[in-house]
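The next block holds one structure in the form of structure tokens; read it before the comments.
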Amino acid sequence: MAKPMEAIGMIEGKGFITLFEATDAMLKAANVEFLGWDKVGSGIVTVFITGDVAAVKAATDAGAAAGSRVGEVTAVQVIPRPHGDVAKVFPAMPAKVAK
């Protein structure tokens, strides 16, 4: 069984290019794992990562900066020690978050 996640990081932005740039920067900046992404609607997309709290914070900072250079980042959030039931609201990665 996989260990519970220590933190979830999310970046929301306008357009796939913004999402792609932010995701690339996050994965290069820290030891985090890509969980998935979701189309919110009206061109807004959100990317989800996991890892330890410090790595997720560093990754979201780097991702937000990179995404802002090519598009508009609308939100950045880090949730330390998320409850296991959080998986129910993430359609992109139910199996990973639930463990």
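The values are calculated or read from the model by the stated rules, or taken from the named source; none is laboratory data. Everything numeric in this text was worked out from a predicted model, so none of it was measured. For neighbour counting, all protein chains shown are included, and Cβ atoms are generated from backbone atoms with ideal geometry for every residue, glycine included.
When the residues of the range 35-55 are filtered to those that are surrounded by fewer than 17 Cβ atoms within 10 Å (Cβ to Cβ) and in a strand (DSSP E or B), which remaining residue is nearest to the chain's Cα centre (by Cα)? Talk me through it step by step, then tell me what you get.
First pass over the range 35-55, keeping only residues surrounded by fewer than 17 Cβ atoms within 10 Å (Cβ to Cβ): 36, 39-43, 52-54.
In the following step, the residues that additionally are in a strand (DSSP E or B) were identified as 36, 39-41.
Working: 36: 8, 39: 13, 40: 14, 41: 17 Å.
By that ranking, first place goes to 36.
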## Note on the structure
Residues of the range 1-34 being farther than 16 Å from residue 69 by Cα, among the β-branched types (Val, Ile, Thr) and assigned to a strand (DSSP E or B), in sequence order, are 8
### Task
State the number of residues belonging to the range 1-34 that are modelled with pLDDT under 95, crowded, with 17+ Cβ neighbours inside 10 Å and of a type in the set (D, E, K, R).
0
### Query
When both residues are 6+ apart or on different chains and their Cβ atoms are under 7 Å apart, which pairs have a first residue that lies in the range 60-86 and is of a type in the set (Phe, Trp, Tyr), and a second that is assigned to a strand (DSSP E or B)?
none
